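The values are calculated or read from the model by the stated rules, or taken from the named source; none is laboratory data. Here the structure is a predicted model, which means the values were calculated and not measured. Please note: Cβ atoms are built from the backbone with ideal geometry, for glycine as well, and neighbour counts cover all protein chains shown. With ligands, DNA and RNA removed, areas are computed over all heavy atoms of the protein, side chains included. Shrake-Rupley method; radii C 1.70, N 1.55, O 1.52, S 1.80 Å.
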Amino acid sequence: MSSRHSNDPGLAPASSLPGVGPALAATLGKLGIERVQDLWFHLPLRYEDRTRITPIRDLAAGESAQVEGVVEAVETGFRYRPQLRVAITDASRETLVLRFFHFRRQQAQQFAPGVRLRCFGAIRHGQHGLEMVHPQYRMLHGDVAVEETLTSIYPVTEGLGQQRLRAVIDKALARLPDETTLELIPHDLLQPLGLMPLRDALLGVHRPAPDADVQALLAGRHPAQQRLAFEELLAHHLSLKRLRAQVRKHRAPALPTDPALQKRFLDALPFTLTRAQERVSNEIGGDLAKRAPMLRLVQGDVGSGKTVVAALAALRAVANGWQTALMAPTELLAEQHLRSFRAWFEPLGIDVVWLAGKVTGRARSKALAHLADGAPIAVGTHALMQEGVEFARLGLAIVDEQHRFGVQQRMALRDKGRAAPPAPRARGTDAERQSTRKGFLPEYAPHQLVLTATPIPRTLAMSAYADLDVSTLDELPPGRTPVRTVAIANTRREEVIERIRAACADGRQAYWVCTLIEDNDQLQAQAAEVAHAQLCAALPRLAVGLVHGRMKPSVKQAAMDAFKDGSTALLVATTVIEVGVDVPNASLMVIENAERLGLAQLHQLRGRVGRGNVASTCALLYQPPLSGLAKQRLETMRETNDGFVIAEKDLRLRGPGELLGTRQTGEMGFRVADIVRDASLMPAVQRVGAALLRAHPALAKRLTARWIGAAARFAEA
Ligand code: ADP
Ligand code: MG
């Protein structure tokens with residue numbers, strides 16, 4: 001702790017608060033709370049409204065409510081497991097059942113008929129009307145006032161309940177200094193934004209005033225929450241910017257384009273690049289020619305041709321004597337890349353090494369030896385990041401499908417290039433060699449290229465990818481015919497099967513995709529096996545293949561190959577085919593239980609058809625009746641093939657968590673901010689962030705530490 005801030009009461013350890021002994025301090029540590037300021041910024045997850053009593057008659061299932069009533073009847077019983085049922089009634093003369101599965105005998109005895117109690121809990125439909133399962137409750141003796149303010153509910157941990165934590169937070173709040181000491185954002189930056197002072201905002205969020213706007217607080221739109229959301233977004237933004245600055249301090253090899261080699265590569269391709277591919281490839285080329293590490297995201301819809309853009313980047317590394325690693329999140333997708341890369345590079349005499357989890361024993365040692373020896377290109381899965389994988393001189397790290405990896409994984413691959421010595425052809429100037437000897441040469445880092453097929457709306461990209469430059473492939477290769485999408489009730493399954501028969505008789509191929517909501521390989525595999533058996537029976541003249549995640553890779557590959565070379569006409573699959581499968585002759589896709597899938601996944605799946613020049617159809621089979629949300633999703637799919645439109649819609653329907661993938665949001669873990677709800681704050685966040693970094697880097701650092709604390713340490717890496 002620097003002495004300059006030693007007057008900051010927020011930096012004192014939490015154990016300096018009265019009543020916080022070593023045991024409690026250790027429990028707080030599990031929540032990431034070490035200092036007093038960590039308690040200030042440990043914000044409520046939500047609120048419970050115990051400021052009023054709801055008459056039982058007015059209760060509605062799905063809500064949480066506070067109810068007061070008199071015990072009418074008590075019943076302990078045993079059906080599958082012990083349970084206690086307590087019926088209460090109030091002046092509205094309706095009955096509510098409180099149901100307990102875990103209870104002690106004395107507890108059951110408390111509920112004698114005639115006893116008054118007040119309880120709070122979620123209302124749901126039970127067997128006999130409305131009920132509350134395991135409500136919080138207290139017995140009432142005489143008149144007891146209701147709470148005056150909303151009750152803050154905090155993230156807690158084992159051994160530390162709401163009440164105890166609330167008391168500790170109260171003690172921490174008592175140490176909040178005055179506004180000028182607390183505030184980190186300089187007045188001239190903050191003032192134009194018209195936000196509430198930080199001190200008032202913290203107090204208002206932890207301990208809402210009796211007259212606070214309850215609806216606004218519950219919706220996260222209260223000015224106090226907005227002030228904190230702004231700061232939190234700013235802290236995340238600053239940490240990503242700092243991460244970027246750290247990486248950019250490193251040295252990367254300059255990888256200028258070799259025009260002759262590039263021409264040979266392009267001439268051998270079976271197609272010409274789209275204008276978008278050319279533009280993005282030039283943007284990448286501009287980055288790679290410099291000695292600062294590239295940090296670039298290429299976003300492009302399914303089928304927009306990201307792979308060849310990545311290959312052109314790899315070609316630049318090859319031309320300059322540096323290695324490229326291309327990492328994909330699934331083996332299937334990595335294999336698809338391997339095939340493309342081998343087809344493009346091997347005719348030029350450039351080797352492509354394969355490394356995935358299933359590469360073991362001698363094959364693995366051989367692959368590792370190649371990489372350590374400087375093999376030009378490696379394609380694979382997470383296996384590329386594992387310990388024991390050494391690159392002689394990694395110059396470019398490419399990660400496909402970013403939303404399935406997190407920032408940390410991206411960095412792990414980058415770290416593979418860290419220790420690499422300069423390559424023979426990129427040795428740097430004499431002065432640099434001089435400084436290396438003195439240990440002054442900036443640490444080395446490879447260029448990074450990230451590919452994503454999930455187009456990210458701009459505001460979201462600003463928050464999630466502030467550390468990356470973004471290029472967009474906004475054009476599909478020519479000759480694609482837009483996919484016609486229809487939604488069909490499962491009751492018309494026979495008609496759909498008939499359509500498959502007709503299409504396949506016509507020489508076309510089709511996918512039948514089985515989906516289950518559970519993320520369970522085994523159940524998915526079973527569902528696919530059942531569908532496969534049914535379709536084989538219904539279409540006896542067709543060759544029907546099957547792939548699912550439970551198959552041995554060799555069996556899976558054989559099934560894929562058979563479909564690819566046309567020896568099977570219909571492929572029954574689980575969502576393992578979501579990414580990377582490329583069979584232009586497939587022009588019909590049936591997706592079962594389409595109502596259960598999110599928009600992003602439906603769009604990815606649909607991207608497997610419409611790759612050739614025949615008109616393709618995607619049939620979304622659904623189980624009626626449809627929920628409102630499912631109806632909107634299917635309608636969106638019917639209306640558009642544009643991944644960006646779909647992503648925007650998805651964002652509105654589902655929120656960012658699903659769009660970015662759970663891992664990513666877990667990593668971002670916002671406390672008050674919601675990157676969709678608060679998207680309008682982003683331009684100000686960017687503006688203030690840039691000004692802070694330019695003029696007040698020390699304040700930027702303190703602000704990040706306040707909000708992200710220990711998690712910010714990864715930004716130092
Ligand atoms: P994605 O962006 O979804 O990763 P791919 O790189 O897999 O797309 O490309 C999809 C298909 O389009 C592949 O078969 C690829 O060879 C082909 N392709 C890529 N670029 C072009 C182009 N410019 N013209 C024609 N076909 C192309
Ligand atoms: Mg791809």
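Return the residues of the stretch 295-328 that are under 30 Å from Val555 (Cβ atoms), away from ligand 2 (no atom under 11 Å from the Cβ) and not in a strand (DSSP E or B); say none if nothing qualifies. Of everything in the stretch 295-328, just one residue is under 30 Å from Val555 (Cβ atoms), away from ligand 2 (no atom under 11 Å from the Cβ) and not in a strand (DSSP E or B), namely Ala311.
Any idea which of Gly666, Gly643 is modelled with pLDDT of 80 or more and small (Gly, Ala, Ser)?
Sole residue among the options that is modelled with pLDDT of 80 or more and small (Gly, Ala, Ser): Gly643.
Of the residues making up the stretch 603-640, those that are within 23 Å of the chain's Cα centre (by Cα) and over 20 Å from Phe563 (Cβ atoms) are His603, Leu629, Ala630, Gln632, Arg633, Leu634, Thr636, Met637. Restricting the stretch 686-717 to residues that are modelled with pLDDT under 90, open to solvent by 30 Å² or more (accessible area, probe 1.4 Å) and among the aliphatic types (A, V, I, L, M), the residue that is farthest from Gly29 (Cα to Cα) is Ala717. Annotation note: of Pro208, Pro253, the sole residue that is assigned to a loop (DSSP other than H, G, I, E, B), under 23 Å from Val36 (Cβ atoms), out of contact with any Lys or Arg (no Cβ under 6 Å at 6 or more places or on another chain) and open to solvent by less than 10 Å² (accessible area, probe 1.4 Å) is Pro208.
Which residues, taken from the stretch 142-175, are open to solvent by less than 40 Å² (accessible area, probe 1.4 Å), within 26 Å of Asp213 (Cα to Cα) and of a type in the set (A, V, I, L, M, F, W, C)? Answer for the stretch 142-175, where residues must be open to solvent by less than 40 Å² (accessible area, probe 1.4 Å), within 26 Å of Asp213 (Cα to Cα) and of a type in the set (A, V, I, L, M, F, W, C): Leu150, Ile153, Leu165, Val168, Ile169, Ala172, Leu173.
For the stretch 500-516, which positions are out of contact with any strand residue (DSSP E or B) (no Cβ under 7 Å at 6 or more places or on another chain), touching a residue at least 12 places away in the same chain (Cβ under 8 Å) and not in a loop (DSSP other than H, G, I, E, B)? Arg501 - this is the single residue of the stretch 500-516 that is out of contact with any strand residue (DSSP E or B) (no Cβ under 7 Å at 6 or more places or on another chain), touching a residue at least 12 places away in the same chain (Cβ under 8 Å) and not in a loop (DSSP other than H, G, I, E, B). When Arg207, Arg166 are checked against the criterion of being within 21 Å of Pro44 (Cα to Cα) and more than 31 Å from the chain's Cα centre (by Cα), Arg207 stands alone in meeting it.
Scan the stretch 542-549 and tell me whether some residue there is within 16 Å of ligand 2 (Cβ to nearest atom), closer than 29 Å to Lys358 by Cα and not in a loop (DSSP other than H, G, I, E, B). Give the steps one after another, and end with the answer.
Residues of the stretch 542-549 that are within 16 Å of ligand 2 (Cβ to nearest atom), as a first pass: none.
No, that holds for no residue.
The rows are residues; the columns are (1) farther than 22 Å from Leu255 by Cα; (2) within 16 Å of ligand 1 (Cβ to nearest atom); (3) free of Cβ contacts under 8 Å to residues at least 60 places away in the same chain.
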{"site": "Leu315", "(1), (2), (3)": "no, yes, yes"}
{"site": "Ala319", "(1), (2), (3)": "no, no, no"}
{"site": "Leu333", "(1), (2), (3)": "yes, yes, no"}
{"site": "Ala367", "(1), (2), (3)": "yes, no, yes"}
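Looking only at residues in the stretch 266-283 that are away from ligand 1 (no atom under 13 Å from the Cβ) and closer than 24 Å to Thr472 by Cβ, the one that is most open to solvent (accessible area, probe 1.4 Å) is Asn282. Candidates Leu288, Leu234: the one that is touching a Lys or Arg at 6+ places or on another chain (Cβ under 8 Å), open to solvent by less than 20 Å² (accessible area, probe 1.4 Å) and more than 16 Å from ligand 1 (Cβ to nearest atom) is Leu288. Contact annotation: residue pairs with Cβ atoms under 7 Å, 6 or more positions apart or on different chains, pairing a residue in the stretch 114-140 that is under 17 Å from Glu72 (Cα atoms) and in contact (Cβ under 8 Å) with a residue 60 or more places away in the chain with a partner that is aromatic (Phe, Trp, Tyr) and open to solvent by 40 Å² or more (accessible area, probe 1.4 Å), are Arg118/Tyr137. Between Leu98, Leu11, Leu59, which is hydrophobic (A, V, I, L, M, F, W, C) and over 26 Å from Tyr137 (Cα atoms)? Unique residue meeting the criteria: Leu11.
Considering Leu218, Leu190, the condition of being in contact with a strand residue (DSSP E or B) (Cβ under 7 Å, 6 or more places away or on another chain) and hydrophobic (A, V, I, L, M, F, W, C) is satisfied by Leu218 alone.
Restricting the stretch 482-510 to residues that are within 16 Å of ligand 1 (Cβ to nearest atom) and under 12 Å from Cys618 (Cβ atoms), the residue that is modelled with the lowest pLDDT is Pro482. Go through the stretch 608-625 and give me each residue that's open to solvent by 10 Å² or more (accessible area, probe 1.4 Å), touching a Leu at 6+ places or on another chain (Cβ under 9 Å) and of a type in the set (S, T, N, Q). If the condition is that a residue be open to solvent by 10 Å² or more (accessible area, probe 1.4 Å), touching a Leu at 6+ places or on another chain (Cβ under 9 Å) and of a type in the set (S, T, N, Q), then Thr617 is the only one that fits.
Here Ala619, Ala600 are screened, and the one residue that is away from ligand 2 (no atom under 16 Å from the Cβ) and among the aliphatic types (A, V, I, L, M) is Ala619. Being open to solvent by 50 Å² or more (accessible area, probe 1.4 Å), within 16 Å of ligand 2 (Cβ to nearest atom) and either among the hydroxyl-bearing types (Ser, Thr, Tyr) or under 25 Å from Met385 (Cα atoms) (or both): is that true of Ala343 here? Yes: the conditions hold for Ala343. Out of the residues in the stretch 573-608 that are modelled with pLDDT of 90 or more and among the aliphatic types (A, V, I, L, M), which is nearest to ligand 1 (Cβ to nearest atom)? So the residue we want is Ala586. Ala260 passes every criterion in (1) open to solvent by less than 50 Å² (accessible area, probe 1.4 Å); (2) in a helix (DSSP H, G or I); (3) under 29 Å from Arg339 (Cβ atoms) apart from (1). If only residues of the stretch 295-313 that are more than 9 Å from ligand 1 (Cβ to nearest atom) and not hydrophobic (A, V, I, L, M, F, W, C) are counted, the one that is surrounded by the fewest Cβ atoms within 10 Å (Cβ to Cβ) is Arg296.
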